[in-house]
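A.B. asks: So that we are looking at the same thing, I have put the structure below in structure tokens.
The values are calculated or read from the model by the stated rules, or taken from the named source; none is laboratory data. Because the structure is predicted, anything quoted here is derived from the model rather than measured. Areas reflect the complete protein model, heavy atoms only, side chains present, ligands, DNA and RNA absent. Shrake-Rupley method; radii C 1.70, N 1.55, O 1.52, S 1.80 Å.
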Amino acid sequence: MQKRRFVLASNSSRRIALLKLLGYKFDIIPHEIEEDVCCDILPSDLVQNLAFLKANDVAKRVDDAIIIAADTIISCKGAILGKPKDVYDAKRMLSMLSGTEHDVLSGICIINMPLKKKLLRIGRTYIKIRHITEEEIDAYIQTGEPLDKAGAYAIQGGSYTNAVGLPLEIVREMLNNILNDTNA
């Protein structure tokens, strides 16, 4: 039986659907953070920082709840790929990813309010994309699917929940830790 209020700091339909799979009831309060993908920071630090900023933003508006926030990026050949700015950026990203292995990193932050106890973790999935032709890239972009996803693609295999943006096994472990904390 769930005793605490949970808040997802996102209005992402994918994250909402994934969190529902854990069986928790939760409210949705979207963060108001500008997701600036900067290349002057390690990808793992970036996703943790963005997840924390999102959770902290919502925590300022919530008195008593457990806030869950996440951020997902792609790291390929030293480049950090967030959501594409437009179709040209999506094509650039997909061309870069074609025939390569890359990392999908999701930073997760959970804050227990009002204690302000926070947990930060990273989920990492290694993915290899086969060589894709320019025609295949163009056809895929025409579906519209790549335009709101980190790296300009939706997962076709691998660790599904991490690549979609909320690694459930890590979130479940973190929630268990925060709920079982004697100070909670």
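A.B. asks: Per DSSP helix of 4 or more residues, -39500 (n - 2.57); summed, then divided by the residues of the chain. What does that give at 222 nm, rounded to the nearest 500?
C.D. replies: -10500 deg cm²/dmol
A.B. asks: Report, to the nearest whole %, how much of the accessible area of the stretch 1-100 belongs to carbon and sulfur atoms, 1.4 Å probe, protein only. Walk me through the intermediate numbers first.
C.D. replies: Working: 2650 of 5250 Å².
For the stretch 1-100, the apolar C and S fraction of the accessible surface comes to 50 percent.
A.B. asks: HN-Hα J couplings of the stretch 164-171 from phi, Karplus 6.51/-1.76/1.60, θ = phi - 60°, integer Hz, Gly and Pro as x?
C.D. replies: Listing the rounded values in order: 6, x, 8, x, 4, 5, 6, 4 Hz.
A.B. asks: Another question, if that's okay. Could you name the lysines in cross-link range of Lys20, using Cα to Cα under 17 Å and dropping any fewer than eight places away on the same chain?
C.D. replies: Result set, ordered by chain and number: Lys3.
A.B. asks: Here's another thing I want to ask about it. Restricting the calculation to Cα positions, tell me the Rg (one decimal) and the Dmax (whole number) of the chain in Å.
C.D. replies: When restricted to Cα atoms, the chain yields Rg and Dmax of 16.9, 57 Å.
A.B. asks: At 1.4 Å probe size, with every protein chain present, just tell me what the per residue accessible area of the stretch 58-148 comes to in Å².
C.D. replies: That works out to 51 Å² for each residue.
A.B. asks: Below 22 Å Cα-Cα, how many Lys pairs turn up in the stretch 79-153? Only count pairs eight or more apart in sequence, or on different chains, if you could.
C.D. replies: Final tally of qualifying lysine pairs is 7.
A.B. asks: Report the Cα centroid-to-centroid distance between the stretch 1-71 and the stretch 85-101 in angstrom, as an integer.
C.D. replies: Measuring centre to centre over Cα atoms gives 27 Å.
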